[in-house]
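Inspection log for the structure reproduced underneath, given as structure tokens.
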Amino acid sequence: MRTRPLKVALLGCGVVGSEVARIMTTHADDLAARIGAPVELAGVAVRRPSKVRAGIPAELITTDATALVKRGDIDVVVEVIGGVEPARGLITAAFEHGASVVSANKALLAEDGAALHAAAEAAGRDLYYEAAVAGAIPLIRPLRESLAGDKVNRVLGIVNGTTNFILDKMDGSGAGYSEALDEATALGYAEADPTADVEGFDAAAKAAILAGIAFHTRVRLDDVYREGMTEVTAADFASAKRMGCTIKLLAICERAADGGSVTARVHPAMIPLSHPLASVRGAYNAVFVEADAAGQLMFYGPGAGGSPTASAVLGDLVAVCRNLVNGATGPGESAYAALPVSSMGEVVTRYHISLDVEDRPGVLAQVATVFAEHGVSIDTLRQQGRDSGGADGATAEGREGGEASLVVVTHRAPDAALAGTVEALRKLDTVRGVASIMRVEGE
């Protein structure tokens, strides 16, 4: 074992950063044995130096993150401050001054991962970011190393614990969205401003990273279709249960059937109860990977929190330090395929559409005609009378003056065709409103 310690600079000392520092200190001997050299926390950059940080010597604390990463004696910079700036500038400076980087910054990697990889390659240093997606779940490394010899066709996953907790609560208790969100906030699963989670921004950044690695293609955040889950209702869950499904906010990355393009999207979807992702409860994450040779794989575990995320950070730290000891670097960006990223309109899937319609003769025929005109084939159709008291399965033909809920489940069709269908349905005099549109996945 070499005796000169590898020096680590830590940027950020919040929930994750403080846990990284704690593990580095309490497990120092084990880490040294695994790496082949001791590791030393050489500096910690924070915004509020007066805050008490147990176990971290006061002389290591600094507010000058730029000076810390430019010191020249730093071997590895661990970035857990999040956000695009100043993280981007600090990581770039770290490479320029000879340090490798471990990051948990999904937003930055999704927006500017290609430039960061290029900077790492130019400096002959590593950029690792297992903690950027799905917390403690080993996912980045299996995709870019274990499956490097395989062809990945699809990555389908629950990558945000907050949204999964909310949807699981709605499914299990019949609670509405607002009630489930209030409980998630009270338990600490949701931030005071949950927009990044519930509107799908967090999951979209992760989808961009996963798609890029899985398909050897640069996929940026702007390439990911995003749809939040704030409009999901108890009625949607009731419909899902009638179909033997539940509802999850999914990140879906797919290679086209002909292999010529890829898509990445985030949106709520109904999935069959028989699908492994349907049983993922609470704030847990799970990612389902489909590959040619490996077949179907599922990665499951806690997707957020200080300890789980710190575990992923430390795993990367060990890998990067081993590379430094051996005079090597790990795998960098693999974007050789350079496949085009298709628009959401080209995605082909099934749909569940709920319409509020007038309960009078000819309505079903009008609706069916619109679907046919747009090339969207109907799989099942269910109409339930409201004012007239009809029951599930009733056609309501011949009764007038009431209102009915018409539920249509389609066969697979392009998203653009579905959008055109919905637009035409809204123009029908007999359609009072489109209550819900949800995709059906995992079949």
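The values are calculated or read from the model by the stated rules, or taken from the named source; none is laboratory data. If you're wondering where the values come from, they're calculated on a predicted model, not measured in any experiment. Every residue, glycine among them, receives a Cβ derived from its backbone with ideal geometry; neighbour counts consider all protein chains shown.
Brief remarks on what is shown
- Contact map, segment 81-105: residues that are closer than 23 Å to ALA207 by Cα paired with residues that are part of a strand (DSSP E or B) and among the charged types (D, E, K, R), Cβ distance under 7 Å, separation 6+ or inter-chain. Pairs shown: ALA87/GLU79; ILE91/GLU79; VAL101/GLU79; SER103/GLU79; ASN105/GLU79.
- Flag if GLU79 is of a type in the set (Asp, Glu), within 23 Å of ILE23 (Cβ to Cβ) and modelled with pLDDT under 95: no
- Strands (runs of 3 or more DSSP E) completely within segment 225-303 that count 3 or more residues being crowded, with 24+ Cβ neighbours inside 10 Å: 245-255, 262-272, 284-291
- Subset of segment 340-381 [buried (at least 17 other Cβ atoms within 10 Å of the Cβ) and in a helix (DSSP H, G or I)]: MET344, VAL363, LEU364, VAL367, VAL370, PHE371
- Segment 137-152 - residue that is not in a helix (DSSP H, G or I) and not aliphatic (A, V, I, L, M) and, of those, nearest to VAL8 (Cα to Cα): PRO138
- Counted residues, segment 404-430 - those being in a strand (DSSP E or B), over 12 Å from PHE371 (Cα atoms) and in contact (Cβ under 8 Å) with a residue 60 or more places away in the chain: 2
- Any chance ALA214 is in a helix (DSSP H, G or I), among the hydrophobic types (A, V, I, L, M, F, W, C), in contact with a helix residue (DSSP H, G or I) (Cβ under 6 Å, 6 or more places away or on another chain) and surrounded by 24 or more Cβ atoms within 10 Å (Cβ to Cβ): yes
- Condition broken by GLU130, with the remaining ones in (1) acidic (Asp, Glu); (2) assigned by TED's automatic domain parsing to the domain that holds CYS253; (3) buried (at least 23 other Cβ atoms within 10 Å of the Cβ) satisfied: (2)
- Enumeration of residues in segment 349-382 that are in contact (Cβ under 8 Å) with a residue 24 or more places away in the chain and either outside the structural domain of LEU428 (by TED's automatic domain parsing) or among the polar types (S, T, N, Q) (or both): THR349, SER354, GLN366, SER377, THR380
- Residue that is surrounded by the fewest Cβ atoms within 10 Å (Cβ to Cβ), among those in segment 313-338 that are among the small types (Gly, Ala, Ser) and in contact with a strand residue (DSSP E or B) (Cβ under 9 Å, 6 or more places away or on another chain): ALA337
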